[in-house]
Amino acid sequence: MINDNLIHLFRFIDEGVILVDHLGNIIYINESAACIDNIDKETSEGRHILYVYPSLSKKKSTIMKVLRTGEEFENIEKKYRNYKGEEISVISSTYPIYEKNKLAGAAEIFKLKSENKAKQIDEKLSPIEKPFKTRYDFIDIIGKNKELLDAKERAYKASKTESPVLIYGETGVGKELFVGSIHNNSNRKHRPFIAENISAIPNSLIEGALFGVSKGSFTGAIDKKGLFEMADGGTLYLDEVSSLPESLQSKLLRVLQEKKVLRIGDEAYRDIDVRIIATFNEEPEKLIAEGRLRKDLYYRLNVVRINIPALRKRKEDIPLFINYFIGYYNNKFHGEIEKINKEALDYLISLDYNGNVRELKYIIEGIFNFKKAGIINKEDIINLRPEMLESKVPFCEKIDEYEKKLITEALVKWNYNVSKAAAQLIIPRQTLQSKIKKYNIT
């Protein structure tokens with residue numbers, strides 16, 4: 001679409017240049033554009049423009065407008081967010097690209113609206129060491145929901161510090177994407193990244209797995225590093241820390257505070273330099289109220305808090321996920337599914353998704369197991385999972401369910417002290433007692 005000589009020229013101009021094909025897929029980003037927008041050139045090329053800039057939409061993006069209309073846009077002031085959640089302000093011009101009198105793509109040329117960021121292009125363009133990569137980066141976090149974009153922005157800012165990070169989100173929301181992205185954008189990206197689900201380790205082995213074992217500490221024991229020593233200099237990602245017995249939660253807190261670790265059976269402490277990122281799929285405050293998480297450990301981990309919204313709270317992102325998964329499984333299963341029709345899309349948007357993004361992903365994967373081409377319709381979804389047939393639930397029942405949930409959570413938080421729970425809910429104590437009896441909460 002663009003000859004090599006022109007692309008070579010784009011490498012040496014100060015303005016940012018992005019070229020897309022007729023579908024909006026990025027085919028070229030020059031180094032200045034990657035610097036101005038603070039995005040990774042290698043990761044972004046080949047992605048759709050709306051994935052790299054999730055705050056944009058087909059209606060708001062000048063590139064997408066050019067692809068629809070062939071119209072030119074010059075010297076437009078724009079604000080948008082990149083896939084890391086950062087806000088960028090630029091002045092841009094967007095032009096159509098024709099090939100044999102047919103609209104073949106678009107080119108956007110832009111520069112920073114304000115130079116007060118003091119970004120030095122020539123420094124940014126110098127060769128840098130390729131970072132150690134975990135599996136995920138911010139571009140893999142799909143969505144345009146404001147709460148999600150705010151979470152991405154917090155995560156990106158947190159990647160530039162050394163403080164512990166606590167991430168809360170229900171099962172399947174993509175906590176591991178945030179964790180990997182923080183590490184890959186941190187000063188520790190060249191150092192180890194160690195991940196462990198605490199609940200998957202038998203209780204008898206947890207202490208040795210975390211802190212290491214010294215030779216001779218028990219019959220057959222050999223010197224063995226724990227997770228902290230393995231992650232020295234890098235990042236240690238611990239999932240479901242509340243699964244730790246209370247005594248080990250105390251020891252974990254001591255390690256975090258003193259930055260020293262003592263292997264089982266050893267007498268000498270070892271210095272460690274590790275950044276901790278902890279994730280929870282239950283609200284930490286609820287875990288504290290139930291006695292499953294120590295308050296002092298929670299305060300140490302909760303220096304930077306990131307809450308990831310459930311999929312049912314950001315349904316505007318569901319079409320983005322569906323389009324992404326269709327492309328992903330077309331490539332994986334050599335399929336030729338074009339899209340999803342409106343009836344099927346509306347139906348998938350109406351679901352609650354207790355399994356969040358992971359549940360939606362498996363629905364699309366399931367469809368690909370028996371359909372290789374064409375358009376996904378509602379019958380494909382129902383044939384896959386007959387239990388998903390729509391069941392009409394009266395509005396009043398949904399209200400009751402939600403009310404019961406709020407009351408139960410408040411009672412748990414205040415150890416079933418009715419007066420304190422009523423104060424939190426801002427209702428009279430007598431009203432709360434009546435509702436406890438109504439919902440048979442014990």
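Please treat every number below as a calculation from the coordinates, not as lab data. What you see is a predicted model, and the numbers here were worked out from it, not measured in a lab. When we count neighbours, we look across all protein chains shown, and the Cβ atoms used for this are built from the backbone with ideal geometry, even at glycine.
Hey, got a sec? Which GluC sites (Glu not before Pro) in the stretch 150-220 land in a DSSP loop and have at most 16 other Cβ atoms within 10 Å?
Here the GluC sites (Glu not before Pro) that fit, given the DSSP loop and packing criteria, are Glu162.
The stretch 138-307: D in µm²/s via Stokes-Einstein (Kirkwood Rh, Cα pairs, 4 °C, 1.567 mPa s)?
It diffuses with D of about 78 µm²/s by this estimate.
So what is the calculated 222 nm ellipticity per residue for the chain, using -39500 (n - 2.57) for each DSSP H run with n of 4 or more, over all residues, to the nearest 500 deg cm²/dmol?
-11500 deg cm²/dmol
Can you tell me, using C-alpha contacts under 8 Å and at least 6 residues apart, the relative contact order of the chain as a whole percent?
Computed over the chain, the figure is 12 percent.
Taking the 0 to 90 degree range and rounding to the nearest ten, how far is the long axis of helix 429-438 tilted relative to the main principal axis of the chain, both from C-alpha atoms?
90
List the GluC sites (Glu not before Pro) in the stretch 275-358 that DSSP assigns to loop (not H, G, I, E or B) and whose Cβ has at most 13 other Cβ atoms within 10 Å. Which are they?
Glu290
Just add up the charged neighbours of Gly265: K/R +1, D/E -1, any other residue whose Cβ is under 12 Å from the Cβ of Gly265.
-1
Just one of (i) 1.02; (ii) 1.07; (iii) 0.98 is Rg/Rh (Cα atoms, Kirkwood Rh) as worked out from the coordinates here. Which one is it?
Of the listed options (i) 1.02; (ii) 1.07; (iii) 0.98, (i) comes from this structure.
To check my understanding: the extent here is largest minus smallest coordinate of the Cα atoms along each principal axis. What are those three numbers for the stretch 395-438, in Å, largest first?
Sorted largest first, the three principal extents are 29, 19, 17 Å.
Find the all-direction average of the projected area of the Cα convex hull for the stretch 4-116, expressing the result in square nanometres with one decimal place.
6.7
By how many degrees, 0 to 90 and rounded to 10, does the Cα axis of helix 356-368 deviate from the longest principal axis of the chain?
Relative to the chain, helix 356-368 is tipped by roughly 60 degrees.
Among 137-143, 83-89, 268-274, how do they line up by average Cβ neighbours within 10 Å per residue, starting with the highest?
The peptides rank, most packed first, as 137-143, 83-89, 268-274.
Mind scanning Lys146/Lys420; Lys79/Lys315; Lys189/Lys372 and naming the pairs with a C-alpha gap bigger than 30 Å?
Cα-Cα > 30 Å for Lys146/Lys420; Lys189/Lys372; rest within.
List the lysines whose Cα lies under 18 Å from the Cα of Lys413, skipping any in the same chain that are fewer than 8 positions away.
Lys286, Lys295, Lys404, Lys405, Lys435
Between Asn302 and Asp223, take the C-beta separation as r, use R0 = 51 Å, and let me know the FRET efficiency to the nearest 0.05.
Here the calculated transfer efficiency is 0.90.
Name the lysines eligible as straight-distance cross-link partners of Lys371: C-alpha to C-alpha under 19 Å, and not fewer than 8 places from it in the same chain.
Straight-line reach from Lys371, under 19 Å: Lys332, Lys339, Lys342, Lys361.
Once you have the Cα-Cα distance between Lys342 and Glu401, take 0.36 nm times their residue separation minus that, and quote the gain in nm to one decimal.
18.3 nm
Can you pull out the chymotrypsin sites (Phe, Trp or Tyr not before Pro) in the stretch 328-388 that DSSP calls coil and that have at most 12 other Cβ atoms within 10 Å?
Phe370
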